Structure formats: C-alpha cells, structure tokens
Amino acid sequence: MNVFRLTGDIAHLLAIILLLMKIWKTRSCAGVSGKSQMMFALVFTTRYLDLITNFISLYNTTMKMIFIASSYGTLYLMFLKFRATYDSNHDTFRMEFLVVPVAGLSFLVNHDFSPLEILWTFSIYLESVAILPQLFMISKTGEAETITSHYLFALGSYRALYILNWVYRFYFEGFFDLIAVVAGCVQTVLYCDFFYLYITKVWKGKKLTLPA
Amino acid sequence: SPHIRRHDEL
C-alpha cells in the first residue's frame with residue numbers, strides 16, 4: 001500500500017458516498033445515468049469474485065464488500081425507491097456497444113485464459129468505459145448538478161491516482177500489470193474534458209454547464 | 001512461473 005493507492009481508494013469511496021448522499025438527500029436521481037451505475041455494479045461483481053477464492057487483507061475485503069454493496073444500493077435507489085425521478089429520456093447510450101466489445105476483448109487479451117481471470121479482465125476493461133453513458137447524458141442535457149460534478153471529479157481522480165500508484169509500484173516493487181495500466185490510462189483520458197470544465201467552472205463557484 | 005494471479009488492488 002502506498003499513499004497514491006490509499007488516496008485513490010478514498011477518492012473512490014468518497015465518490016460513491018457523494019452519489020448515494022445526492023440521491024438520498026434530494027430524493028432524486030435526476031441527472032444520474034442508470035446505465036453507468038448498472039455497469040459499475042457489473043464491474044464490481046465480476047472483479048471481486050476473488051473474495052471467495054483468496055484473502056488479501058482485511059482492508060481489501062472490507063473495501064470490496066463496501067463497493068459491491070453500495071453499487072447495488074445505488075441501483076436500488078435509482079430503479080426502485082426513486083424510480084419516478086430517473087431521467088431515462090436522457091440516458092440513451094447503448095450499453096451493448098460497450099459490454100459486447102469489452103467482453104470480446106477480455107477473451108482475447110488477458111493474463112490467463114481462466115474464468116476468474118477473464119471476468120477480472122472484463123471488469124477492468126468495462127470500468128474504463130463505464131462512465132461514458134454518464135458523460136453522454138451530461139452532454140445531452142448540457143449541464144450537471146454541482147453535487148453530481150463533485151461525484152464525477154472524485155470518481156475520475158481515483159483512477160488518475162492509481163496511475164501514480166502504478167508508477168510508484170513499478171519503480172519500488174517491480175510490479176507492472178499492463179492490462180490495468182492501459183485501461184486505467186484510457187479511463188483517465190475519458191475524464192480529461194470533464195476535469196477541465198470542473199476546474200474552470202465548479203471551482204469558481206459556477207454550475208457545470210457545457211459551452212453551446 | 002504460471003500461477004493464479006493475486007490481484008491485490010481494488
């Protein structure tokens with residue numbers, strides 16, 4: 001564990017808490033993509049199957065369980081409890097355009113052709129693009145609530161911090177996972193446009209709106 | 001050596 005990985009994990013946890021708080025406090029999931037959230041639940045489910053097969057640390061197990069539980073909690077709030085507030089008209093990104101190619105790629109490019117390893121690879125690839133329906137939704141409506149933009153900033157920062165963690169681990173531990181690194185870089189690049197808008201608008205106290 | 005990878009990251 002190093003400081004980049006720890007702050008990355010904290011940013012990830014903070015993002016999830018921010019989203020749950022936004023939905024709970026406003027009693028609404030308006031502006032949140034149910035498709036991105038469904039894919040995040042799929043990401044955690046397929047990645048953390050190793051909870052059953054091997055133990056790494058109490059920290060690792062606890063965080064994995066929190067991530068899985070919170071992702072299904074978010075789906076419960078969006079699709080059951082506050083279903084009426086779900087903005088499905090603007091959530092039109094086609095999930096199969098991401099899930100199908102990602103599933104194919106995880107069969108072709110993986111560390112080991114075994115079920116758990118293919119599912120792990122699938123989750124890494126899917127996570128890298130799972131935010132696209134959310135970003136697409138913001139581009140359609142042209143704006144995001146401030147709390148939603150804080151959520152996205154925390155969520156995007158997490159993988160950016162992981163890149164620093166991988167640089168650190170490469171130099172100090174000789175650890176290098178090409179699949180995670182490439183997918184993590186793709187994931188971070190997808191946020192760049194959002195990061196720019198967030199820093200130039202939200203940090204100056206304005207709402208996140210897209211240039212016309 | 002081929003062995004089951006332990007993914008220790010989240």
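Every read-out reported here was derived from the displayed coordinates using simple, explicitly stated rules and does not represent laboratory data. Note that the coordinates shown come from a computational prediction; the quantities given were computed from them, not determined experimentally. Glycine also receives a Cβ, built like all others from the backbone with ideal geometry; neighbour counts cover every protein chain displayed.
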Original post:
What FRET efficiency comes out for the pair A:Met65/A:Met1, r = Cβ-Cβ distance, R0 = 22 Å, nearest 0.05?
Top reply: 0.75
**OP:** For n ≥ 4 DSSP H runs only, could you compute -39500 (n - 2.57) per run for chain A, divide by its residues and tell me the 222 nm figure to the nearest 500?
**Re:** -24000 deg cm²/dmol
Original post:
How high is the relative contact order of chain A, in percent, with contacts defined as C-alpha pairs under 8 Å that are six or more residues apart?
Top reply: 31 percent
Subject >> Sorted peptide list for A:29-40, A:195-206, criterion being average Cβ within 10 angstrom, highest first >> reply: A:29-40, A:195-206
Original post:
What is the mean number of Cβ atoms from other protein chains located within 10 Å of the Cβ atom of each residue in peptide A:51-57, rounded to a whole number?
Top reply: 2
Original post:
Could you give the distance between the Cα centres of the range A:150-176 and the range A:1-77, to the whole Å?
Top reply: 17 Å
**OP:** May I ask you to compute the full-extension gain from A:Val100 to A:Tyr76, defined as 0.36 nm times their residue separation minus their alpha-carbon distance, rounded to one decimal in nm?
**Re:** 6.2 nm
**OP:** Work out how much length A:Leu164 to A:Ile17 would gain on full extension: take 0.36 nm times their residue separation and subtract the Cα-Cα distance, in nm to one decimal.
**Re:** 50.6 nm
Subject >> Tilt relative to chain A, helix A:178-201 - C-alpha long axis, 0 to 90 degrees, to 10 >> reply: 20 degrees
Original post:
How would you classify the range A:22-118 from its alpha-carbon gyration tensor, with a ≥ b ≥ c the square roots of the eigenvalues: rounded for a/c under 1.5, else prolate if a/b is greater than b/c, otherwise oblate?
Top reply: oblate
Original post:
Farthest toward the dipole's positive end in the range A:1-64, which of A:Val3, A:Thr45, A:Phe55, given Cβ charges of +1 (Lys, Arg) and -1 (Asp, Glu) about the Cα centre?
Top reply: A:Thr45
Subject >> Cα-projected label distance for A:Val109 with A:Ala212, points at 7 Å along beta-carbon direction, nm >> reply: 4.1 nm
**OP:** State which entries of A:Lys22/A:Lys204; A:Lys64/A:Lys204; A:Lys64/A:Lys140; A:Lys81/A:Lys206; A:Lys140/A:Lys206 exceed 28 angstrom in Cα-Cα distance in the structure shown.
**Re:** A:Lys64/A:Lys204; A:Lys64/A:Lys140; A:Lys81/A:Lys206
Subject >> Compactness of chain A as Cα Rg over 2.2 N^0.38 Å, two decimals >> reply: 1.01
**OP:** Please identify which residues in the range A:99-134 have an amide N closer than 13 Å to a label point set 7 Å out from the Cα of A:Thr141, following the Cα→Cβ vector.
**Re:** A:134
Subject >> Computed E for A:Ala84/A:Thr200 - FRET, C-beta separation, R0 35 angstrom, nearest 0.05 >> reply: 0.55
Original post:
Hey, what does the equivalent ellipsoid look like for the range A:120-212, semi-axes from the Cα gyration tensor as sqrt of 5 times each eigenvalue, largest first, whole Å?
Top reply: 28, 15, 9
**OP:** Hey, can you grab everything whose amide H is under 5 Å from the amide H of A:Ala144? Only 5+ residues off in sequence or another chain; H modelled, so Pro and N-termini drop out.
**Re:** A:Leu208
